[in-house]
Amino acid sequence: MKFATLPSQERPRDGRLVIVSRDLTRCTSAELIAPTLQFALDNWEVCRRELEALASGLEIGSVPAERFHERDCMSPLPRAFQWLDGSAYVNHVQLLRQSRGVELPERFWTDPLMYQGCSDPLLAPRDDIVMPDESWGIDFEGEVAVVTDAVPLGADAETAARAIRLIIICNDVSLRNIIPDELSKGFGFVHGKPPSAFSPVAVTPDELGQVWRDSKVHLPMLAYLNGEAFGSPNAGVDMTFDFATLISHAAKTRPLSAGTIVGSGTVSNRDVDGGPGLPTAEGGIGYTCIAEQRTVEAIRHGEATTPFLKFGDVVRLEMKDDSGQSVFGAIEQRFLQLT
C-alpha cells in the first residue's frame, strides 16, 4: 500500500488519509477506515485488511478516485511522537571526521549514532526551507526512514524488524555552521537540526518487493541541486546498521510509540576502491549532502569549494524503481530567507 496525507479543514494539523495508486497518479479517501495515518498506525491490525481491500479497489478502478498531486501533500505524518535519526552510513561519519582531523572511534562501527530531532512540525515535501541567515551553513541530507508500530522497551533486532510498518524518504535539514558550537557544549543538537521534510508518499515494505531486504532499501537516492545531478548513492550499499538494528538501538532504554520515525542518516557510498568517492561532475556517484562533497574536496584538494545552500537554491530528492517510476514521490524544496 501507498499512503499520503492531504490537507483537511476538519483536522488542519493532521490532515486526511488517502491511499495512492502504485503509479502515483490517483488516490482514494481512506477516512471511513482511518481518518489519519496516525490512527491507522495506532489500530494497524484492525484497519489493515480494509485498507488493503481499498488499495486493491483503487488499482482495478472499483472505488471512487481523484487525481493525485504530490504538490498538495502534507508530510505523511505532519507531526510524530518521535523522530529519531541515526547515522547508519559510517562512511559519511568517517569522512566528516577525517576532514576535521579527528579519528573515528572503533566503536562507531558497532554502536550506532542517533539523535532525537524535531518531530513537530514535519515539513511537507514541497515546503520551502526558510531561514534568516545564509551563514548558518544550510545543508540538505538525503535519507531513508521507517515508521514503526509500537516497539517494546529492550526489543531485539528481530522484534524491531517486525515493527516496521512504512518506509519514506527524508530531507534532514542541517545547519552545518551551528552544529559544531552546539556539540562543543557536550549535550547535543537543538538549533543545528530544524524541521525535516518527508516524501509525499509512505509505502508498506511489501510494496517494494525484493528492493526491501535485510531491513534496507536497495535503491539509489537521487539528489539534485538546482536541477543538476548531485548524487545517486545506493541506500542498500555501505549501510553499516540496518533499520532493525537502528530501531532496537532506539528502544534500548525506552518503548517506542506507534508512529515513531527512525531515519538512516545521510545515504553515503564508498568508491569502488574503498576511497571517499568522486562528485558527479567527475563521473562519480556523488553525494546526498553538501557537507560530504565539501569534505571530499578538502581531502583531495586542500580546501572545500562547494558552498552551502544559498537563498533561491532548489533541492530535489527521489527514489525510482528499475522501470523509472518514482516510488515515494519527490521532495523538492526551495531555500528562502525569512522575512
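General remarks:
- Residue match in segment 161-175 (condition: at pLDDT 95 or above, of a type in the set (Gly, Ala, Ser), assigned to a helix (DSSP H, G or I) and open to solvent by less than 10 Å² (accessible area, probe 1.4 Å)): no
- Of residues in segment 252-275 being touching a residue at least 40 places away in the same chain (Cβ under 8 Å) and open to solvent by 40 Å² or more (accessible area, probe 1.4 Å), the one nearest to residue 219 (Cα to Cα): 270
- Test: residue in segment 8-30 that is touching a residue at least 40 places away in the same chain (Cβ under 8 Å), buried (at least 23 other Cβ atoms within 10 Å of the Cβ) and under 19 Å from residue 164 (Cα atoms): no
- Within segment 41-93, restricting attention to residues that are assigned to a helix (DSSP H, G or I) and without any contact (Cβ under 8 Å) to a residue 12 or more places away in the chain, the residue that is most open to solvent (accessible area, probe 1.4 Å) is 49.
- Residue list for segment 198-212, restricted to those being more than 22 Å from residue 68 (Cβ to Cβ) and in contact (Cβ under 8 Å) with a residue 12 or more places away in the chain: 212
- Residue 336 vs. criteria aliphatic (A, V, I, L, M), touching a residue at least 24 places away in the same chain (Cβ under 8 Å) and closer than 17 Å to residue 266 by Cβ: no
- Members of segment 161-185 found to be touching a strand residue (DSSP E or B) at 6+ places or on another chain (Cβ under 6 Å) and of a type in the set (Gly, Ala, Ser), listed by number: 163, 174
- Candidates are the residues of segment 186-232 that are open to solvent by 60 Å² or more (accessible area, probe 1.4 Å) and of a type in the set (D, E, K, R); the one that is farthest from residue 166 (Cα to Cα) is 228.
- Counting the residues of segment 298-339 that are outside any loop (DSSP other than H, G, I, E, B), surrounded by fewer than 17 Cβ atoms within 10 Å (Cβ to Cβ) and out of contact with any helix residue (DSSP H, G or I) (no Cβ under 7 Å at 6 or more places or on another chain) gives 7.
The values are calculated or read from the model by the stated rules, or taken from the named source; none is laboratory data. The shown structure was predicted, so the numbers you read here are calculated from the model rather than taken from an experiment. Please note: Cβ atoms are built from the backbone with ideal geometry, for glycine as well, and neighbour counts cover all protein chains shown. The accessibility values were calculated without ligands, DNA or RNA, using every heavy atom of the protein model including side chains. Shrake-Rupley method; radii C 1.70, N 1.55, O 1.52, S 1.80 Å.
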